[in-house]
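Some notes on the structure that comes next.
Values in this text are rule-based calculations from the coordinates and carry no lab data. Nothing here was measured: the structure is a model prediction, and the numbers come from that model. In this analysis, Cβ positions are derived from the backbone assuming ideal geometry, glycine residues included, and neighbour counts consider all displayed protein chains.
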Amino acid sequence: MKFMKVVLLAIVGLALATGCVTTKKYDARVNDINNLNAENAKLTERLQETGDKLNNEKAAREALEINAAKLGAENTELTRANEVLSTANKDINKSVAQISQEKLLAIKEKDRIIAGLTQEKMDAIKERDRVLEEQKHSYDNVVSELTDEIKKGEIAVKQLKDKLTLTMVEKILFDSGKADIKTNGKKVLDRVAEILKTITDKQIRIEGHTDNVPIGAVLAEKFPTNWELSTARATTVARYLQDKGVSPAYLNAAGYSEYKPVESNETDDGKSKNRRIEIVLIPLDKESGTPK
C-alpha cells in the first residue's frame, strides 16, 4: 500500500514537473493506480489465506504425527499383548489336554467304582433275599410249632424287617412273682428250643418284662424290684434253652423291668400283656460274629 502511494506521488510529481499532463491522462493514471491498489489488496488477501492454509496444514501434519506416534505405541502394545495371549493360549491348550486326560481317568475310575458297587449291590440283594427266606422259614416253623398257643393268645410271633420276635405271656411260663418255669411252660420251650438250636446266624436275645406293680413284701427279699424279677426270668429261660441244645454262643439275657410296656398299665389286661418274655432273633455281624 505504501509502495503504491509512492508510485502515485512520483507520477503526480512528474506530471507537475513536465507541466504538460492532460486531465484525461491524469484520470487514466489514477485509474491505473486504483486498479493496482485493488490488485495489491487481492494479493495481500490471497497471501493471508495461503499463510492460514499453511498454518492449518502444519497443525494438521503435527496432529497426524502425534496420532501416528500413538498408533505406533498402541501397535507395539497390541503386539506384546498378542504374544502374551499366544503364550497363555498354549498353556491353556496344554492344561485342557491334561484336564481331559485326568477327566478320562476319573471317568474310568468312576465306572470301575460303579461296577464294583453294582456287584456289591447285587450281592447285598442276594444276601437280603437269603436272610428273608431264612427268616420266613424260621417264622413259619415257629408259627406251625406253636399254633395252639398262638390261637389262645398266649404266644405272639412278629416279623419286623430282619428281627423276629416271639412273645410269651407270663402265665404260660411263670406263676406270679416267681422265676421258676412251670411244667407247661417247659413243654412250650422244648418245642421252641428245637427250632432255635438250628439257628447259627442270629443272636437269640431273651428279654424279661414286667408290669408296674411293685414287688410285694413277701417276695422283696428275693426280688427287691421288678428289675431283679425280669432279669431272673430272662436268665432262667436262657439257661433252660441252653440245656435243651441251643448254643450259648448265640444266647444272651436282659431284664427290662416295667420300662418297655406294650400296653397301658391302667388295666388288668394291659398289665397281663406287659408281663412277658420276648425271644428276639437278630442277625449277626458276619465279621465279628456279634449282633448288628
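When you count the other C-beta atoms within 10 angstrom of each residue and take the mean per peptide, 149-157, 49-57, 269-277 line up highest first as 269-277, 149-157, 49-57. Start at zero, step by 10 Å, and the Cα-Cα distances of the stretch 24-75 spread as 22, 22, 18, 14, 11, 8, 4, 1 percent across the bins. Got a sec to turn the phi values of the stretch 100-115 into Karplus ³J(HN,Hα) couplings, 6.51 cos²θ - 1.76 cosθ + 1.60 with θ = phi - 60°, whole Hz, x for Gly and Pro? Karplus-based 3J(HN,Hα) across the stretch 100-115 equals 4, 5, 5, 5, 4, 5, 5, 5, 4, 5, 5, 4, 5, 5, 4, 4 Hz.
Protection proxy ranking, highest mean first, for peptides 24-32, 110-118, 165-173, 243-251: 165-173, 243-251, 24-32, 110-118, where packing is the per-residue count of other beta-carbon atoms within 10 Å, averaged. In sequence order, the stretch 184-195 has phi-based couplings of 5, x, 5, 4, 5, 5, 4, 5, 5, 4, 4, 7 Hz under the Karplus curve 6.51 cos²θ - 1.76 cosθ + 1.60, θ = phi - 60°, and Gly or Pro positions carry x.
Amide H contacts of Ile215 (H built 1.01 Å from N, in plane; Pro and chain starts excluded): Asn226 sit under 5 Å, all sequence-distant by 5 or more or on other chains.
Cross-link reach is defined here as a Cα-Cα straight distance under 15 Å, omitting same-chain residues fewer than 8 places apart; for Lys273 the aspartates and glutamates meeting it are Glu149, Glu154, Glu170, Asp175, Glu207, Asp211, Glu258, Glu263. In a DSSP loop and with at most 11 other Cβ atoms within 10 Å, the GluC sites (Glu not before Pro) in the stretch 191-292 are Glu221, Glu266, Glu287.
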